[in-house]
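Everything below concerns the one structure shown next.
The values are calculated or read from the model by the stated rules, or taken from the named source; none is laboratory data. Source: prediction; values computed, not measured. Note that each Cβ is placed from the backbone with ideal geometry, even for glycine, and that neighbours are counted across all protein chains shown.
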């Protein structure tokens, strides 16, 4: 009876080891492709909010909110771009946002790069309500009725981007 248990344990251990090795090999070959695709998507979103721009990634301030994943300066002086990721209370995944901020500290363009909610909040029209919003006025934009959690997370992420802009611009 004990030999059967030992045999089962050895067989299951071998299966687990083979599965682990196969997963490691798969990860080895796919992780660079996944990283390159993510980088290409970020670059495309930068071009979407400031077409024709050339971008330099800036170091995030120590106190940068977790929603701000990267911050860029457009090298010819067209402004700054924040790459954001946020999640609402009932989210099925992260909401990806790329927001351009002009040199006056106002949001000039927004691209939603990922959105997994079942309740749509007007991806093409709602973000435009924030065009011209500054750190002082971003909280005055109404949330979207019917998608309150998503639109609140959206607004809070933009406020975080404007806060980082203030820190970065203050350091210029």
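Which residues, counting only those in region 121-139, are out of contact with any strand residue (DSSP E or B) (no Cβ under 9 Å at 6 or more places or on another chain), over 19 Å from residue 87 (Cα atoms) and modelled with pLDDT of 80 or more?
Once the filter is applied, which keeps residues that are out of contact with any strand residue (DSSP E or B) (no Cβ under 9 Å at 6 or more places or on another chain), over 19 Å from residue 87 (Cα atoms) and modelled with pLDDT of 80 or more, region 121-139 yields 129, 135, 136, 137.
Could you list, in sequence order, all residues of region 63-80 that are loosely packed, with under 10 Cβ neighbours inside 10 Å and at positive phi?
Within region 63-80, 77 is the sole residue that qualifies.
Suppose the filter is modelled with pLDDT under 95 and within 24 Å of residue 39 (Cα to Cα); does residue 157 pass it?
In short, yes.
If residue 43 satisfies every condition in (1) under 19 Å from residue 170 (Cα atoms); (2) free of Cβ contacts under 8 Å to residues at least 60 places away in the same chain but one, which is the exception?
(1)
Checking residue 6 against (1) out of contact with any strand residue (DSSP E or B) (no Cβ under 6 Å at 6 or more places or on another chain); (2) closer than 24 Å to residue 110 by Cα, which test does it fail?
(2)
How many residues does region 32-62 contain that are part of a loop (DSSP other than H, G, I, E, B), over 15 Å from the mean Cα position of the chain (by Cα) and surrounded by 15 or more Cβ atoms within 10 Å (Cβ to Cβ)?
Selection size over region 32-62: 3.
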